[in-house]
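**Student:** The structure under discussion is supplied below as structure tokens; questions concerning it will follow.
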Amino acid sequence: IFFRVHLFSGTMLQQTVRRCVATPYTFGVVKALSTLSPAAASAAAAACPSPSPSPSAWPPSSKQVQTPNYPFTISSPLHLLRATVDYVQHNNLDGLNSVIQQWLSMPSCRVSPDHEIEELKDEWARLCSMVNAAGVDERRELVWTMCVVLAIVGAAPTYKSDAGVASKILTSQWRCLMEQLSLEIEGDLTVLQGFSGMQFYQLICLFAQVGIPLGPKFVALAIDKIIDGGEISWLEGSELVALVEAIATKHRLGEKANPDFVIVIGGRLMQPQVLSTLNCGDLCNLVRSFASLGVKNEYVLDTIATRVAQALNEMAAAELVQVCGAFAKIEYENEGFINAVADRCIGVAEDLSGDQVAAICTAFADMTHRHRALLASMSSRAQRPEVLRALAPEPAAALLEAFAALGHNDKGLIKAVIQQFRAHATEPTLTISALSRLAWALAEFKVTDKALMKQATQALSTTDLADLTPENMHRLCWALSTQQIKAHALFKRMADRAIEPEFLRCLTAKQLADVLWSYGTLGPRHDGLLVHFADHATSPQILSTFQANDLAHVVWTYATFAHEHHLLMAAMAQRALDPAVLATFDEDSVAMVFWAYTSLGIRHSALFEALEKVQTEAKVLGVVGTPDLQNWVLWGGAVLAMVLMVWNALFDPHGAERAQVRALSE
């Protein structure tokens, strides 16, 4: 009723008012209808008595209390807070809920001047002191209801901004209370069972607005209430986006959350009258939220992409960057849409900063979409002196990494990025992530700059490497080893970091093998790394993922350092004998394994026999695989088949078919 009243006829309005008498929504409905129809206002006046909320039985009281009346006077957030103060003073939770429903039925209004915000702060402080004085532990339901009030009031934007005022009026004491509530409610949700879906919606948005994450049990209950209560069908486009964004980016969505949530939200958003109301900011937030949730529903994504395409010409540079990143994370593959986004990025190229250029190129690299015109435009923009000077090492390296991933060799950009990187090689802005990206990109482009690499690796060898990840270490080690650039000091620091448990847990078999190979190629020896990596490699979940080439690199490295680890070598041999792995050995990997085991004095007969057989078959297949021999085999087979067919047709008519089959099979 609240959101569809403008569609009602006069008769329908009068009937609605009469049928809403004696319900908690009476006065809110009357207020909403009276603003649209004099007839409805007259009917309301005749049908409705003066509102007199009955005293609540909570908390227990033997004395009848006098409760305030608020017929049609709550017209601002300040009035709502003052009414809340009165109802809390009279211990009337039912009356407070009635006031909340009345407010929800009214159109949203802005908080006027700044002095009203100060008054809101004062009233909210009064409420907080009243609740604290009465004792929080015994009044959990009231506290949560007050959070709903704060959500309603705090969502009201000011005249100067569209941002809500919740963070401005929220006291530090109440914030601490909300943080406590968010943790305690995960243990017992009973106090919230009576809350409506709309109240849960308000709470979800409030806690997201003030930056307090809610747990998975609360979020699961909220989603169930919102879906079961049908509130989603009443929410407008921007409200739906706020809900999705809050759940996706601010709170913790557990496995027990209703899987139909995204479907229900998507169904509502797909309605033309809802989707068409989303502005560029809403669309960006929606796409980013769906990317965070891992939404893969093609129909939903196609519909949203169509709406985004319609709004592309209205999007600013920052919004385009968000759209590119979100659709890359979703792995969206509509070529027409991606080309349209690329064309729009070219159109706003002059407005892009260096960081934004790098972010757009990274997104297109993640989508593996090589748009030559876009790359040329981004390269030209990045090489502008004013843009290049502002590029920090991280975005500069990310830009070059994106070009390398797309196989777009732009010599001018490579030279410009190297010069910019050299200017920051010894500054605190240089990170291990930036160096690994740059080193990998230069190795892909087969560009060697040993002076720059040695300068940068020496600078990083004296810094904290707490942010080193397996991916960064893997890329940097691979790049330096392929270019034969030694960096013993940095390698020792990285090895110290790599043996930490949280680092090892994220290390894959491929990364482990390549890192070990780099240490074996460049040095230095690090016994701690060899011991911990061996333990990690022999764990069942990692051992089962080794392929032939990775396995060969591991055993070769341990043999290079003459480090005898019999458990590791036995596990690698057992893995190598797996038929699926054995079939992937090539000549180089076979040679590395033979050398590793023999140099360590390990005679593994079963492994050697299997590898000899693989090597023999590979040589035979290699000979057969030569073009000349293949042609001779094909021509010879065809001639032989024809001869046999003619022979059998003349001398053995009954065996012609059998001979044909035999000849073809041979």
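**Student:** If I take R0 = 30 Å and measure r between the Cβ atoms of Arg370 and Glu587 in this structure, what FRET efficiency does the formula 1/(1 + (r/R0)^6) give, to the nearest 0.05?
**Tutor:** Approximately 0.35, to the nearest 0.05.
**Student:** Given a 1.4 angstrom probe, what's the average accessible area per residue across the stretch 563-622, in square angstrom?
**Tutor:** Spelled out: the 1.4 Å probe surface of the stretch 563-622, per residue, equals 56 Å².
**Student:** Rolling a 1.4 angstrom probe over the protein heavy atoms, how many square angstrom per residue are accessible across the stretch 242-329? Mind dumping the intermediate values first?
**Tutor:** Details: 3920 Å² over 88 residues.
Averaged over the residues of the stretch 242-329, the accessible area is 45 Å².
**Student:** Taking a quarter of the surface of the convex hull around the Cα atoms of the stretch 355-505, what do you get in nm²? Show your work: numbers first, answer last.
**Tutor:** On the way: hull surface 34.2 nm².
It is 8.6 nm².
**Student:** Shifting gears a bit: Sorted from largest down, give the three principal axis spans of the alpha carbons of the stretch 315-373, whole angstrom values.
**Tutor:** 27, 20, 18
**Student:** When only alpha-carbon atoms count, how far does the stretch 416-563 stretch along each of its three principal axes, as whole angstroms with the largest first?
**Tutor:** 46, 29, 25
**Student:** At 1.4 Å probe size, with the rest of the protein present, what percent of the exposed accessible area of the stretch 379-428 is carbon and sulfur atoms?
**Tutor:** Working: 1150 of 2140 Å².
Here it works out to 54 percent.
**Student:** Next question. For the stretch 158-252, what % of the accessible area comes from carbon and sulfur atoms, probe 1.4 Å? Each step should come with its number before you reach the end.
**Tutor:** Values: 1990 of 3870 Å².
Whole-percent figure for carbon plus sulfur exposure: 51.
**Student:** Local charge sum around Met569 (other residues, Cβ-Cβ under 14 Å, Lys/Arg +1, Asp/Glu -1)? Present the calculation step by step, with values, prior to reporting the outcome.
**Tutor:** Numbers: positive: Arg575, Arg603; negative: Asp535, Glu564.
Summing Lys/Arg as +1 and Asp/Glu as -1 gives 0.
**Student:** Jot down the per residue volume, in cubic angstrom and as a whole number, of the convex hull over the alpha-carbon atoms of the stretch 564-617.
**Tutor:** Details: hull volume 3.7 nm³, N = 54.
In the stretch 564-617, the Cα convex hull volume per residue is 68 Å³.
**Student:** With a 1.4 Å probe and every protein chain left in place, work out the accessible area per residue of the stretch 386-510 in Å², rounded to a whole number. Walk me through the intermediate numbers first.
**Tutor:** Details: 5300 Å² over 125 residues.
With the other protein chains kept in place, the stretch 386-510 gives 42 Å² per residue.
**Student:** Once neighbouring chains are kept in place and the probe is 1.4 Å, which whole percent of the accessible area of the stretch 442-482 is contributed by carbon and sulfur? Don't skip to the answer; put the middle values down first.
**Tutor:** Details: 890 of 1840 Å².
Answer for the stretch 442-482 is 49 percent, counting heavy atoms of protein chains only.
**Student:** While we're on this one: Could you calculate the FRET efficiency of Glu564 with Lys450 from 1/(1 + (r/R0)^6), where r is the beta carbon distance between them and R0 is 51 Å, rounded to 0.05?
**Tutor:** Working: r = 35 Å, r/R0 = 0.68.
Efficiency computed from Cβ-Cβ geometry: 0.90.
**Student:** Let me ask something additional. How high is the FRET efficiency between Ala466 and Gln193 when r is their beta carbon distance and R₀ equals 41 Å, given to the nearest 0.05? Present the calculation step by step, with values, prior to reporting the outcome.
**Tutor:** On the way: r = 44 Å, r/R0 = 1.08.
E between Ala466 and Gln193, to the nearest 0.05, is 0.40.
**Student:** What pairs from Lys217/Lys296; Lys329/Lys450; Lys446/Lys613; Lys446/Lys492 go past 29 Å between their alpha carbons?
**Tutor:** Values: Lys217/Lys296 24 Å; Lys329/Lys450 35 Å; Lys446/Lys613 37 Å; Lys446/Lys492 26 Å.
Pairs exceeding 29 Å: Lys329/Lys450; Lys446/Lys613.
The values are calculated or read from the model by the stated rules, or taken from the named source; none is laboratory data. These figures come from a predicted structure and were not determined experimentally. With ideal geometry, Cβ positions are generated from the backbone for all residues, glycine too; neighbour counts draw on all protein chains shown. Accessible surface is based on the protein model in full, side chains and every heavy atom, while ligands, DNA and RNA are left aside. Shrake-Rupley method; radii C 1.70, N 1.55, O 1.52, S 1.80 Å.
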